[in-house]
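Colleague: Provided herewith is a single structure, encoded as structure tokens, for subsequent inquiry.
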Amino acid sequence: MHIDYHAVLPEIVLSATILIVLVVDLFLPNKWKHAAMPLALVGVLATLAAELTLLGSTPRATFGGSFVVDDFAVLFQTFFLAVAIVVLAISMRYIKEGGFYQGEYYFLLLTSFLGCMLMPASRDLLMLFISLELVSAPGFLMAAFRKRDPKSNEAGLKFFLIGVLSTAVMLFGMSMIYGLTGGQTGLSQIATKLAALPAQQETLALASIFFVVVGFAFKVSAFPFQFWAPDTYEGSPVPVAAFLAVASKAAGFAGLLQLMFVAFIHEAHFWTPLFAFIAIATMSIGNLLALQQRQAVRLLAYSGIAQAGYMLLPFALVGANPTVNRDAFAACVTYILIYGIMNLGAFAVTTAVARRKPTVLISDFAGLVRSAPVLAIAMTTCLISLAGIPPAGGFWGKLFIFRVAIERAGVLGVALAVVMLVNSVVSVFYYFAIPKQMLFAKGSDESPLRASGLITVVAAAAMVAVIAILVLANVLLDLANRATLVALPR
């Protein structure tokens, strides 16, 4: 078997970085354990440099076609590396001052990001499964990294138990598909085989697809498998919650996009109503429960659930029209990218506040505009964007999805657009809870908040990016269109 080493160069560099961080940490004295972070950061930057050498190249397939580097893979891999840089930046002081095992933390974090990198290039059921578990397994440990905190123990245990259960269900569905398709694991081959299945096997095929969707629904915290997210996020170290909310969720969607738009596209008549129900329930429950929250990380967790509902909505718009399918795919990818920017900004500010107020209640943000004006303005901007208020970036992400829903026409498209609009209005009430505290309430301690310089840079960069999307929204949409896996008829 011929191996294209250039195609897997970023993964090789990141794997080498993981091993170097693990080995070097063994020889570092305690006072220098924090050096694992700069080492990890250099490795991620080297990986990004290797990734950029793949830009604009023709699709490259290796390992028998199970690993493909195309525009879709490069776009998501570049996104994951950018997220890795941000998570490393907001982790350094938090992990250093928290008394955590620093080398082990960065080893686990980079291992999860290696899984994220593999996910969008995986065009095979086995590769998808391995990638997904490589993302999740280190996350179980990182969620419980505050070993002496009962909430952190609960977070890790709950994440692990529900994660293992969902993995078993998903793997059962994959094994059924393997049997039905005569031992095929490649996504394109599965699509061909499923399209030619005899009628008597159709029900079994639909059941197997349902099981696979159930497994991925857990990974993206979709209804009814979202209940692990708030407790896990709250108990985890805040940078770990940021990783789970952005990178882990995006990796799940990268896998789901490949499965539904490539392997299972011929069964769309079955799974589009399923996704319509899941999308509506996910965004509605996420928004309604977020209204009741008093703790900032839990609020962001329920916000992430609602946002997952918006990302799932394009899946419900798939039909017989390839143009609509292509637009739905691009709208979903664009929203994932925008969501990552605004959510990372919000978590960066939350990490800074957690240093002074570890409980991170919404009331702990009181007076932040006077103690850390840059962070307060950045947080307000990111939350306004998450609410979808123009002209912030989140508005354009929702507009693209709304446009595809109207473009699809029919009762379903209009109904989904209306539900999304109503949910966006509801979300305004809880997204403004934190800015209200920061701008108008008086804090118990309004002395200058000495946030890490890296966190301030991340928050400011996220704020600028959210605003810049006003001009660059079509650029992001164009990138998503180029990265599509939906082929138009000739």
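Quick note: the coordinates plus some simple rules give every number you see, no bench work behind them. Keep in mind that what you see is a predicted model, and the values were worked out from it rather than measured. Cβ sites come from the backbone with ideal geometry, for glycine too, and all protein chains shown count toward neighbours.
Colleague: Please report, in whole Å³, the volume per residue of the convex hull around the C-alpha atoms of segment 266-490.
Modeller: 112 Å³
Colleague: To the nearest 20 debye, what charge dipole does the chain have about its Cα centre, counting +1 at the Cβ of each Lys and Arg and -1 at the Cβ of each Asp and Glu?
Modeller: 1060 debye
Colleague: Considering only C-alpha atoms, what is the centroid distance from segment 220-275 to segment 58-124, in Å?
Modeller: The two parts, judged by their Cα centres, are 17 Å apart.
Colleague: Something else about it: Taking the alpha-carbon set of segment 85-142, what are its Rg and Dmax in Å?
Modeller: That works out to 13.1, 42 Å for Rg and Dmax.
Colleague: Take every Cα pair under 8 Å in segment 291-406 that's 6+ residues apart, average their separations, divide by the length, and report that relative contact order as a whole percent.
Modeller: 32 percent
Colleague: If R₀ is 45 angstrom, what is the calculated FRET efficiency for the pair LEU291 and TYR178, using the beta carbon separation as r and rounding to 0.05?
Modeller: Using R0 = 45 Å, I get an efficiency of 0.55.
Colleague: Counting helices only, and only those DSSP H runs with n ≥ 4, report the 222 nm mean residue ellipticity of the chain as the sum of -39,500 (n - 2.57) divided by its residues, in deg cm²/dmol to the nearest 500.
Modeller: Rounded to the nearest 500, it is -24000 deg cm²/dmol.
Colleague: Hey, another quick one. How long is the gain from LEU45 to ASN30 if the chain were fully straight, where each residue apart is worth 0.36 nm and the alpha carbon distance is subtracted?
Modeller: 2.9 nm
Colleague: Quick one, what does Rg over Rh come out to for segment 153-256 if you take C-alpha atoms and the Kirkwood Rh?
Modeller: Computed over Cα atoms, the ratio is 1.08.
Colleague: Any lysines with Cα under 18 Å of the LYS151 Cα? List them, leaving off those in the same chain fewer than 8 positions away.
Modeller: LYS357
Colleague: Now for a separate question. Extension gain LYS436-THR53, at 0.36 nm per residue separation less the Cα-Cα distance, in nm?
Modeller: 133.4 nm
Colleague: Would you mind calculating the relative contact order of segment 266-490 from Cα pairs under 8 angstrom and at least 6 residues apart, reporting the percent as a whole number?
Modeller: Normalised by residue count, the contact order of segment 266-490 is 29 percent.
Colleague: At LEU19 and LEU412, where each label point lies 7 Å from the Cα along Cα→Cβ, what is the point-to-point distance in nanometres?
Modeller: 4.9 nm
Colleague: Need the list of aspartates and glutamates near LYS147 for cross-linking: C-alpha distance under 18 angstrom, and skip anything on the same chain fewer than eight residues off.
Modeller: Qualifying aspartates and glutamates at Cα under 18 Å: GLU97, GLU104, ASP231, GLU234.
Colleague: Sticking with this structure for a sec: Percent relative contact order of the chain, based on C-alpha pairs within less than 8 angstrom and at least six residues apart?
Modeller: 15 percent
Colleague: Residues of segment 78-105 with backbone nitrogen within less than 11 Å of a virtual label 7 Å along the Cα-to-Cβ line of ALA468, please, listed as ranges.
Modeller: The answer is none, because no backbone nitrogen lies closer than 11 Å to the label point.
Colleague: Convert each backbone phi in segment 251-259 into a coupling constant with the Karplus relation 6.51 cos²θ - 1.76 cosθ + 1.60 (shift: θ = phi - 60°), then list the ³J(HN,Hα) values in order as whole Hz, x for Gly and Pro.
Modeller: 5, x, 5, 4, x, 5, 4, 5, 5
Colleague: Here's a follow-up. Stick to Cα atoms and the Kirkwood definition of Rh, then tell me Rg/Rh for the chain.
Modeller: 0.96
Colleague: Follow-up. Rounded to whole Å and sorted largest first, what semi-axes of the equivalent ellipsoid does the C-alpha gyration tensor of segment 12-92 yield via the square root of 5 times each eigenvalue?
Modeller: Semi-axes, largest first: 29, 14, 9 Å.
Colleague: Would you kindly derive the ³J(HN,Hα) couplings of segment 121-127 from the backbone phi angles with the Karplus curve 6.51 cos²θ - 1.76 cosθ + 1.60 (θ = phi - 60°), listing them in order in whole Hz, with x for Gly and Pro?
Modeller: Those phi angles translate into 9, 7, 10, 8, 4, 5, 5 Hz.
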